[in-house]
Each structure stands twice: as C-alpha cells, then as structure tokens.
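Working notes for the structure below.
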Amino acid sequence: MKKILTVMVLLGVFVSLSFSVAMAAEEAKGLDPAVKQMVALAAGFGIAIAAFGGALGQGKGLAAALEGIARNPGAQGKIMTPMIIGMALIESLVIYSLVVSLLLFFKL
Amino acid sequence: MKETTVSDIEHINIAILIIGSIVSILIMREFKYLFSFAVASAIMTLNFRYLKKIIESGFFSSKVNKKELLIKLPLKFLMLIGLVAIVVIYGDIDIVFFMIGLSTVFMSVIINQIISVFIPAAKRRQKDGA
C-alpha cells in the first residue's frame, strides 16, 4: 500500500513538473514567462493533489461500505445512500479543482 | 429523523436546477449567467443520477456484472471531465455562477437534512393533536 502511495505521489509530481515545463516552452502571451511557469505549476499541482485526495477518500469510503455490506447484508440499503452521497461530494470537490486548474491554464 | 433517500436528493437537485436558473436570469438579466448555472447544475445532477444507477446495478442487483461496472464507472467519470473541460475552455461562462451550479449536490444534501430535521417534528405534532 505504501509503495503504491509513493509511486502515485511521485507520478503526480512528475506530471506537474512536465506540465510546467511544457507550458514554459510555449510562447508567453501577455504574461511574464516566469509568472506563466508558476501558473502552470499551480494548475498541475492543484489537480494532482485534488485527484490524489479524492481517489484516496473514495477508495476508503467504498472499501468501508463494501466491508460493512459483506458483514451485514441486511444493512445494504442503509449503507448505500450515504456512500453514494459521499462519493458524489468527493467527486464534485475534485471537479472544483479541475475547473480552477483549467481556468488557470487556458484563460490566464 | 426521517431517513434520507437518494431519490429525495435527486428531486431537490432538479428543483435547485430549475429555481436557480430562474433566479439567475431574473437577477442578472443576461444569458451568460443562466447558461453557466444551468449547465453546471445539470452536469452535477446527471452525474449524481448516473452514479446512483451504476452503483445500484453494479453492486446491489441480483446479477452483478463486473465487466459492465468496470466500463461504466470510468466512462461516466471521463464524460464528466470532458463535459466540464469543454464548457470551461470553449464556453462563454461566468465562473462564479458555474461554481454555484457545481455545488448543487452540496446544497441539496444540506436542504434535505434541514427538511428531514424539521418535517417529522411537525408531523409528530399533528399526530399528537398539539
């Protein structure tokens, strides 16, 4: 589990860095290149951290819910509702981050 | 306290979508704001609906089809991301209204909890004749 987490964090960092390098390679439109580079870094890190946290939260929630249902199948109906609500809420938080990152990357 | 059901939240989602769209066009009087709110709210409402359908059919039906679940769940997520990206990149949106629209599920959960706290007490009082 720890190895997978480490690999995921490193992957996120590399993706963010590659994002910023690719961005820095582009011609700066209006903004200072250094600012543009920082914006790209922020966008990359923002979505990477949000996706990491969201995935971790959803995984934990789903695992706990399924474990609960496996132990007590009679409680399936009661467990399912909060689980679906929780998953939707976590997903919408990640979408917030995606919107902010897209705005930073394309509109700034 | 009344037990929360997923379909209750879906109904509140749709109500927020309709009321919010009307309020945004009435207050701002510009199509841009209505579009931003309505699209974001519709995306989140549909996302919630499909999430419920996929999880119900994938985990809790008598015939569990793992392949279907493995395809549908990531596909739904990709569609959601694609839709949001297209709207944000190419659409003429107001970001504040777009974010409020994305918070539809949060709002409906809060409203549902408020309703479930207050309505049963009123019903109890009616039954007691108070």
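Taken together, the values in this text are just the output of simple stated rules run on the coordinates, not laboratory data. Note that the coordinates shown come from a computational prediction; the quantities given were computed from them, not determined experimentally. Neighbour counts are summed over all protein chains in view; Cβ atoms, including those assigned to glycine, are modelled from backbone coordinates with ideal geometry.
A compact table of results
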item: For region B:6-120: lysine pairs under 18 Å (alpha-carbon distance), excluding those fewer than 8 apart on one chain; result: 13
item: Footprinting exposure proxy for B:LYS32, B:LYS67, B:LYS52 (fewest neighbouring C-beta atoms within 10 Å first); result: B:LYS67, B:LYS32, B:LYS52
item: R0 of 30 Å, Cβ-Cβ distance A:ALA75-A:PHE52: FRET efficiency to nearest 0.05; result: 0.50
item: Ranked list, fewest to most other Cβ atoms within 10 Å of each Cβ, for A:PHE45, B:PHE106, B:PHE48; result: B:PHE106, A:PHE45, B:PHE48
item: Cα gyration tensor shape of chain B, rounded if a/c is under 1.5, else prolate or oblate by comparing a/b with b/c; result: oblate
item: Neighbouring partner chain Cβ atoms per residue of A:97-107, average, 10 Å criterion; result: 4
item: Contour minus Cα-Cα distance for B:ARG29 and B:ILE119 (0.36 nm per residue); result: 28.9 nm
item: Mean Cα-pair separation over length for chain B, i.e. relative contact order, pairs under 8 Å, 6 or more apart, %; result: 42
item: Ellipticity estimate at 222 nm from DSSP helix runs (n ≥ 4, -39,500 (n - 2.57)) divided over chain B, nearest 500; result: -29500 deg cm²/dmol
item: Residue order, fewest to most beta carbons within 10 Å, for A:ASP32, B:ASP8; result: A:ASP32, B:ASP8
item: Spin-label model distance (nm) - B:ILE14 vs B:PHE106, 7 Å beyond Cα toward Cβ; result: 2.5
